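The structure appears below as structure tokens.
The values are calculated or read from the model by the stated rules, or taken from the named source; none is laboratory data. Source: prediction; values computed, not measured. Every residue, glycine as well, gets a Cβ built from its backbone with ideal geometry; the counts of neighbours run over all protein chains shown.
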Amino acid sequence: MKLPPLKIGELLANIPIIQGGMGVGVSLSNLASAVANEGGIGIISTAQIGYNEEDFATNAKEANKRALRNEIRRARKLSPKGIIGINIMVAMNNYEELTRTALEEGIDLIISGAGLALNLPKIAKDFKAKLAPIVSSAKAATVISKMWDRKNHCAADLVVVEGPEAGGHLGFSLESLIEKKTQDLKDIVKEVIEAIKPFEEKYNKKIPVVAAGGIYSGADIAEFIKLGAAGVQMATRFVATEECDASLAFKMAYINSKKEDIKIVKSPVGMPGRAINNAFMKSVVENGCKVEKCYLCIKDCNPKLTPYCITEALIQAVKGNLDKGLIFVGSNAYKVDKIVSVKDLMHELVTEAESAL
């Protein structure tokens, strides 16, 4: 059986795979356009996207807006017919400004998590972009849907359900993740599909639900399609590709990682995350890491109390200075054993999925 396309309103991705947004600088225009050209949906991460701009240290706000415009335009040039989206964290200080910047550039899709994207419809009301909140429970899906309905008279165009095996920031408590008492992604997906049905009926539209977090193989994709998901979001697999925007050293950290290296860590964002327990993380746990400069990136971050600067740690990682950097990974990163092209990876995933279907 062929994989069904992913329909988000009038947007149609021939392959129901969304490449997850990875920051800082891991998924930019190069990776996003490569995925879009293969029929999936390419996602640019907005997190401190201007880190390579000359004025980033002195004017991060403008550097981020400029870099986001440039990355969207470059992705469009490289994939003129592909679907390009952004991933943006609600927890960011410049959330509204960067969202508007992407909208002005004609972005196709906005995926928003790390907090409840309650104000997204208001920001995007005069634009055609499709809006997709990230949730980790049916409760969160219901809260967002009710708020969008009541305040903006609309429903989501897509819902991304991110489970406990994802990389980066996670929408679960630190204790539940460490003690492995989180709900299984399959169960959450089924519950979210049920939770949004009243809003599908009210607005007479199909709201596709996409599963994310720990999805590694084509067989995994097939499993979620059979459950009723419209597609999947995958990030970890796309790091070890030739087109990924991160340094070779960053990619090799995935390839060289072992299962026991992957740990749940505390993030200054106030959420737990999953990362490689490298020299940097061990040093932070033992000694902390004084924040020399604050980039004002996260709303609730207090540089006097935070264990380390997440902006600096993620920039060091993507540049390949791994002993000074935070390397976010999904739970299956240790399975990655080689660098391949996006074309070959997509072909492998589709072939496996269709065989399993």
Residue ID - surrounded by the fewest Cβ atoms within 10 Å (Cβ to Cβ), chosen from residues in region 132-178 that are closer than 16 Å to Lys202 by Cα and either touching a strand residue (DSSP E or B) at 6+ places or on another chain (Cβ under 7 Å) or touching a residue at least 60 places away in the same chain (Cβ under 8 Å) (or both): Asp157
Among residues of region 17-65, those that are assigned to a loop (DSSP other than H, G, I, E, B) and closer than 25 Å to Leu322 by Cα, counted: 22
Members of region 127-165 found to be at pLDDT below 95, under 18 Å from Ile110 (Cα atoms) and in contact with a Phe, Trp or Tyr (Cβ under 8 Å, 6 or more places away or on another chain), listed by number: Ser136
Qualifying residue in region 283-302 (condition: more than 26 Å from Ala63 (Cβ to Cβ), in contact with a helix residue (DSSP H, G or I) (Cβ under 9 Å, 6 or more places away or on another chain), modelled with pLDDT of 90 or more and of a type in the set (S, T, N, Q)): no
Residue identified as modelled with pLDDT of 95 or more and over 16 Å from Asn332 (Cβ atoms) among Leu174, Leu248: Leu248
Subset of region 44-53 that is of a type in the set (A, V, I, L, M) and touching a helix residue (DSSP H, G or I) at 6+ places or on another chain (Cβ under 6 Å) - its residue that is farthest from Ile72 (Cα to Cα): Ile49
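When region 253-267 is examined, which residues are found to be charged (D, E, K, R) and surrounded by 19 or more Cβ atoms within 10 Å (Cβ to Cβ)?
none
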From the options Glu71, Glu54, residue that is surrounded by fewer than 17 Cβ atoms within 10 Å (Cβ to Cβ) and free of Cβ contacts under 8 Å to residues at least 60 places away in the same chain: Glu54
